Every structure is written in structure tokens, then in C-alpha cells.
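One structure is given below, encoded as C-alpha cells.
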2 protein chains.
Amino acid sequence: MTDLKQPVVLTGDRTTGPLHLGHYVGSLRARVQLQYEAKQFLLLADTQALTDNMGSPHRISRNVLEVALDYLAVGIDPTRSTIFIQSQVPELAELSQYLLNLVTLARLERNPTIKEEIRLRGFERDIPAGFLTYPVSQAADITAFKATLVPVGDDQLPMIEQTNELVRRFNNSVERAVLVECEAVLARVPRLPGIDGKAKMSKSLGNAIQLAASPDEIVKAVNDMYTDPNHLRVSDPGRVEGNVVFAFLDAFEPDIELVTELKAQYRRGGLGDSVVKRELNERLQALLAPIRERRLELARDPAGVLAILSRGTVLARETAGATLCDVKAALGLSYF
Amino acid sequence: MTDLKQPVVLTGDRTTGPLHLGHYVGSLRARVQLQYEAKQFLLLADTQALTDNMGSPHRISRNVLEVALDYLAVGIDPTRSTIFIQSQVPELAELSQYLLNLVTLARLERNPTIKEEIRLRGFERDIPAGFLTYPVSQAADITAFKATLVPVGDDQLPMIEQTNELVRRFNNSVERAVLVECEAVLARVPRLPGIDGKAKMSKSLGNAIQLAASPDEIVKAVNDMYTDPNHLRVSDPGRVEGNVVFAFLDAFEPDIELVTELKAQYRRGGLGDSVVKRELNERLQALLAPIRERRLELARDPAGVLAILSRGTVLARETAGATLCDVKAALGLSYF
């Protein structure tokens with residue numbers, strides 16, 4: 001029996017590559033918590049990743065296992081969270097197809113998230129139709145599971161708005177409350193910068209620390225971190241704002257007093273980058289060692305991980321299938 | 001065993017209403033023949049009809065049975081043709097989703113058929129996304145069945161072009177010949193005009209004769225037919241061109257000599273409209289009486305008709321499922 005008051009969470013990742021510390025801070029850590037408080041569905045979004053990667057489909061499918069390993073390694077418990085592969089739930093494609101009739105081209109083009117992504121990718125009018133319409137496919141993912149909570153970054157709020165607009169239009173069109181509106185959950189933590197100081201950590205920008213990073217890779221990444229370029233001598237006063245090492249300490253050092261003290265000392269002068277970096281390195285090594293070990297152990301049994309995904313996918317199909325059944329019945333499409 | 005050289009035909013109708021004599025002349029008659037020469041799949045396109053009818057979904061689903069009755073009544077043999085319901089073949093939605101990534105928005109907007117339909121419906125930028133992308137869904141229908149022949153009107157040639165473009169793009173993208181290009185088969189007969197003389201017979205224009213028309217409705221429709229407005233007295237010479245009664249005789253009177261003689265006499269003068277209409281009425285009554293009777297008989301057993309559609313849908317899913325399986329394998333999306 002599902003607890004009627006228990007929130008339902010739908011979230012996930014495009015399977016374009018293994019996950020990194022930015023994902024850990026921005027979403028994975030919260031998901032490990034959420035699985036105790038909500039019914040959580042985690043989507044390995046291979047179909048969505050294909051919308052702008054049809055030139056290299058195998059990279060997308062290969063990374064399904066990598067992302068799943070990351071999920072399990074950070075502590076997502078497949079008995080508490082339903083991890084599933086988007087392409088293996090045809091109900092999502094079907095629902096998407098019906099929702100596509102309820103949104104105009106003009107509305108899709110007005111979506112600020114899509115606008116920004118079109119700009120970033122330099123698509124202009126050469127945008128693949130599948131990419132333009134992916135907010136509809138996201139709405140299908142969310143509504144198929146009757147998700148009530150969707151964790152997002154603030155740049156994705158227009159997606160949630162569009163999803164709820166589709167829910168209202170669908171329900172109006174069939175004169176029945178079949179689909180359920182959802183609420184955005186904004187991350188409570190600031191976004192982790194890249195090690196180069198850029199606002200966003202991203203594998204393609206080469207400024208990320210993978211969850212699977214080796215001890216040496218962590219050491220190197222911390223050493224390469226952007227700090228205060230004017231903090232030349234240990235005795236100089238340094239800036240903490242925009243200093244990646246302190247942004248990371250804020251994110252990963254649970255001893256807040258220690259961080260406050262280090263910041264004060266750094267600002268005054270007399271604290272070298274190497275000392276703060278050593279502290280951060282220890283913290284990251286301690287965080288990532290068990291994740292890496294667990295990941296390596298899981299990676300030795302890919303069939304076992306696939307079995308987990310297979311079970312999750314069966315469960316996901318049951319839920320999405322029930323919604324689709326209601327959707328089709330409401331549209332009169334139940335013939336047999 | 002499938003004969004490798006046997007052509008595969010995919011065609012069908014949007015289920016927006018019962019079919020009329022225009023459909024009979026333009027497609028149904030040919031399909032009755034084709035089922036002896038090809039492997040024929042007949043699509044009851046409810047999903048596609050919904051792309052611009054989300055305001056009245058039940059009208060679309062209700063007409064699935066009506067169109068199926070029309071098919072069976074004109075002599076389509078469900079043991080020779082596979083009649084199936086589009087919405088009940090989820091594989092089509094899935095395939096559609098992948099093809100959507102291979103076409104740009106600009107390309108979809110350039111499609112002349114879509115351009116014309118946007119104009120006709122007054123959509124402009126308020127075009128539903130599902131309607132704009134329906135050529136992709138059509139391409140999915142065609143390619144899912146590896147159809148080699150697709151009967152179309154000349155206004156639909158751009159659809160076939162777009163389908164073959166998608167086939168080439170998909171095959172290039174996965175470096176394998178998974179999907180098959182198709183060929184358009186243009187109708188060999190001229191389009192039947194409406195009884196008011198307008199170029200197109202259409203239920204919504206109110207100028208159609210339904211296949212299920214009663215004897216009285218046929219008499220009335222023939223009496224209402226547009227002839228030559230200058231042919232006032234029987235003795236006047238009359239025009240045969242643009243004269244609906246003669247267009248119908250061309251389409252339905254197998255005795256070509258008789259039609260030639262009637263035309264000559266009409267042109268000379270001395271042949272009244274009422275005489276030609278009486279001739280046409282007899283011909284149409286003779287054509288439609290057995291169709292109507294068979295239709296009435298079938299309509300008494302809707303469960304029996306649904307059983308036919310259910311069997312056809314199972315067969316259609318087998319074929320479309322096999323293609324989708326190849327498509328997903330080629331994309332690397334076969335995990336379990």
C-alpha cells in the first residue's frame with residue numbers, strides 16, 4: 001500500500017558521462033536522504049540524452065551503467081529508490097506523444113531553459129525537433145509517476161511550470177483529474193564551482209572531479225584549484241569569495257567552526273594555500289575513498305547492477321503503465 | 001515465411017469520421033486489390049487524429065469502429081490485410097521519439113504539406129507541437145512495418161520524401177541499414193469532387209456521400225449534384241467538364257461506352273440532367289447496397305469487429321516490435 005501522504009519524487013540524470021562532485025553536492029546527497037522520506041524514482045535518461053547526441057548513441061547507452069554505479073556507490077539503496085532506464089519504459093514515449101498535442105510550437109520556443117540551451121549549443125533553427133520538445137518528454141516522465149516533488153536547479157523552474165501547464169490542459173481536455181501537478185524543490189546548497197573557478201562543474205569543461213576519481217586525481221585536482229590570484233605570499237591577506245578551495249570546504253567540511261576559523265585566518269594573512277588545500281584534500285579523500293571502493297566492487301559485477309536496473313524498470317513500468325492506462329481511458333482509447 | 005519480394009504496403013485513415021465515396025475511389029478500392037498482391041497493413045490512425053483534436057478525443061476513438069466497419073464492408077479481408085489501431089501499438093510512439101531527434105525544426109516547418117495544413121487550419125505559430133511533428137510519426141508508422149509502398153495523394157509526396165530522409169539519417173547514424181526506404185504509389189484515378197462541385201469531397205464540407213448512406217440519402221445527394229448551370233433546357237448543349245454527375249459516372253460506371261455516349265449526347269443537347277442523374281443513382285444504389293448491408297450486419301456485432309482489430313493489432317505489434325528491437329539494438333539500447 002502506498003501512503004497517500006508520502007511525497008513522490010522523480011529525478012534523474014542524462015547518461016552522458018559518469019557523475020562528479022557537482023552532482024554529489026547538487027543532487028545525489030539529497031537523494032540519499034530523500035529515499036527515507038519519499039517514494040523516489042530515479043531516471044537514467046538515455047532517451048533524453050539522445051535528443052542531442054544521435055551522432056554518438058553508444059556513448060549514451062554505455063554511460064547508463066556508469067551513472068548507475070555512481071548512484072549505488074554514493075548510497076542510493078535500490079530497495080528504497082526505484083532506479084530505471086528511460087528507454088526501457090515505452091509508456092513514457094506514449095504519454096509524451098499525447099502531451100505534445102497540448103503545447104504549441106510558440107510556447108516551446110518561449111521556454112527560457114530551452115532558449116538558453118539553444119544558445120549554448122548554437123542550434124538556432126537547426127535545433128533537432130526532439131530537443132525542442134524535450135520539456136514535453138520531461139513532463140511525461142514527471143506525470144507518469146504522479147510525482148509531487150521534483151528537485152531542480154533554479155534554471156529549470158520553467159520546466160516545472162510547463163509540466164504543470166500540461167497537467168492542467170490534459171485534465172481540462174478530458175474533464176477529469178488524471179494527471180497530478182508537481183512542486184519544484186530547489187537545492188538548498190549553492191552550486192559547486194569547477195576547479196578552475198567557473199560557475200559550473202562540468203565534465204566537458206574539464207573542470208570536474210569524478211566520483212570515481214583516484215587518490216592521485218584528487219590530489220592533482222585540489223592542487224590545480226583556483227584560489228585568490230593576488231594571494232602571492234603566505235603572509236598576504238587572501239580572498240575567500242570566489243576561492244574554489246573554500247567553496248569546496250563549505251560544501252564538504254562538516255566542521256563548520258573549523259571552516260570559519262580557516263576563512264578568518266586566510267583573510268587576515270598568514271595561511272598558505274597549500275595548508276588549506278591539504279585540509280580539503282584530506283576531506284575529499286575521506287569522502288571519496290568509500291565511494292570509489294564500493295563503485296569498484298559493484299563494477300566487478302555489471303550483471304548484478306543490470307539486474308538492479310531491470311527490477312527497477314519493471315517497477316517503473318508498473319507505475320507508469322497504470323498512469324498511461326488512466327490517460328488512455330480518459331481519452332477513450334481503451335478498445336479491448 | 002514472408003516472400004522477400006512481396007511488397008509491403010502501409011496505409012490508413014485518420015479516424016475523424018466514417019468514410020465516404022471519395023475514400024472509396026481514392027484508396028479503398030485499390031486496397032481491396034492490393035491485399036492480393038502485397039502484405040498490407042491498414043492503420044486506424046487515432047493517435048494522429050488526436051494531434052489536432054485534443055478538444056474532442058472521444059469523437060476520434062468512437063470513429064475507430066466506424067472506419068473499421070467501412071473497411072470490412074467494402075471488402076477488405078482481415079485474413080489478407082492487417083487492420084490495427086495506432087494507439088494500441090506503443091512501438092510507434094517509441095520509434096517516433098527516436099526519429100524526432102533526426103529532423104530539425106526548420107526542416108519540419110519547410111514541409112509543404114504541413115505548411116498548407118497550417119494555413120488551412122489557421123494555426124500559424126499556435127500550431128500544436130504534435131501536429132507539427134506528425135510527419136515524423138507518419139515516418140515511424142511507415143518504417144516500423146518496413147513498408148516499401150505507400151499509397152498517397154500527390155499533396156503527400158513531401159511526407160514520403162521526409163520519411164526517406166529520416167531513414168537515411170537513421171541508418172547513417174547507426175552505420176547499419178536498419179530502416180527501409182519506401183516508394184510513393186500515386187492514385188491512378190482523378191480525385192472525386194464533392195457533390196457541390198468543390199475539388200474535394202469531405203464530410204466537414206457537407207458535400208460527401210457516406211459509404212453507409214441510405215437509399216434516400218443517395219437519391220437526395222444525386223439530385224443535389226452540381227451540373228452545368230447554363231444547361232437550362234433539355235435541348236440546350238451542356239458541359240461535361242466540371243459537371244459532378246459525369247465525374248461520378250467516370251468513377252463508378254464500368255460501361256465506358258455508355259458514359260462516352262451519354263457525354264456526347266449531353267454536349268449536343270437533348271439529354272436532361274434528370275436522365276443522367278437517374279442513371280448515376282442506379283449505379284450508386286447498386287454499388288452501395290451490398291456495402292451498406294454488410295456494414296449493418298457487421299455493426300450488429302461490434303465485439304466481433306473489435307476482435308478483428310485486436311488480432312490485427314497483435315500482428316502489427318509483432319512486426320513493429322521486431323523493427324523497434326533492431327532500432328534499439330542499433331542505438332545500443334538493449335540492456336537486459
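Read-outs throughout are calculated quantities, based only on the coordinates presented, and are distinct from any laboratory measurement. It should be emphasised that the depicted structure is a prediction, and the values quoted were computed from it without experimental measurement. Note that we place each Cβ from the backbone using ideal geometry, even for glycine, and neighbour counts take in every protein chain shown.
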Using only Cα atoms, figure out Rg for the protein assembly as shown and give it as a multiple of 2.2 N^0.38 Å. 1.21
Partner aspartates and glutamates for B:Lys198 [C-alpha distance under 15 Å; skip if fewer than 8 residues away on the same chain]: B:Asp224, B:Asp228, B:Glu241
Rounded Å value of the spacing that divides the Cα centres of region A:94-159 and region B:183-210: 39
Entries of A:Lys5/A:Lys39; A:Lys39/A:Lys203; A:Lys146/A:Lys328 with Cα pairs more than 19 Å apart: A:Lys39/A:Lys203
Rg and Dmax in Å for region B:82-164, alpha carbons only: what are they? 13.0, 37
Expressed as a whole-number percentage, the relative contact order of chain B with C-alpha contacts under 8 angstrom and at least six residues apart is 22
Degrees between helix B:134-144 axis and first principal axis of chain B (Cα, 0 to 90, nearest 10): 70
Per-residue HN-Hα couplings for region A:50-66 [Karplus 6.51, -1.76, 1.60; θ = phi - 60°; Hz; x = Gly/Pro]: 5, 4, 10, 9, 5, x, 9, x, 6, 4, 5, 6, 4, 7, 4, 5, 4
If the chain between B:Val234 and B:Arg294 were fully extended at 0.36 nm per residue, the gain over the current Cα-Cα distance would be 17.7 nm
Euclidean distance between Cα centres, region A:1-68 to region B:240-307, Å: 63
Check which residues have an amide H placed less than 5 Å from A:Ala184's amide H, if you skip close sequence neighbours. A:Val150
Taking the alpha-carbon set of region B:215-295, what are its Rg and Dmax in Å? 12.9, 42
Let me confirm one metric for peptide B:128-139, namely the mean number of other chain beta-carbon atoms within 10 Å of its residues' beta-carbons. 5
Amide hydrogen neighbours beyond the local backbone of B:Asn207, cut-off 5 Å, H modeled: B:Ser202
Please go through region B:144-179 and write out the trypsin sites (Lys or Arg not before Pro) that DSSP classes as loop and that have at most 13 other C-beta atoms within 10 Å. B:Arg176
So what J values fall out for region B:76-92 if you push phi through Karplus, 6.51 cos²θ - 1.76 cosθ + 1.60 with θ = phi - 60°, rounded to Hz, Gly and Pro as x? 6, 9, x, 8, 10, 10, 9, 9, 9, 9, 3, 5, 9, 10, x, 4, 5
Peptide B:305-313: average number of partner chain Cβ atoms within 10 Å per residue? 1
Quick one: which residues, 5+ away or cross-chain, put their amide H under 5 Å from the amide H of B:Thr15? H built at 1.01 Å from N. B:Ala45, B:Asp46, B:Ala49
Whole-Hz ³J(HN,Hα) from phi, Karplus 6.51 cos²θ - 1.76 cosθ + 1.60, for region A:257-274, glycine and proline x: 4, 4, 5, 4, 5, 4, 4, 4, 5, 5, 5, 5, x, x, 10, x, 3, 5
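For a Förster distance of 60 Å, can you work out the FRET efficiency between the beta-carbons of A:Arg176 and A:Gln285, rounded to the nearest 0.05?
Using R0 = 60 Å, I get an efficiency of 0.65.
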Take the alpha-carbon positions of region A:163-257, form their convex hull, and give its projected area averaged over all directions (one quarter of the hull surface) in nm². 10.4
Reachable lysines, given that their alpha-carbon falls under 29 Å from the alpha-carbon of A:Lys200 and they are not under 8 places away in the same chain: A:Lys115, A:Lys220, A:Lys263, A:Lys277
For B:Pro112, place a label point 7 Å out from Cα along the Cα→Cβ vector, do the same in each other copy, and report the separations in nm, one decimal, smallest first. 4.2
If you project the alpha carbons of chain B onto the principal axes, what extent comes out on each, in Å, largest first? 78, 44, 42
Which whole number gives the average, over all residues in A:106-112, of C-beta atoms from other chains lying within 10 Å of the residue C-beta? 2
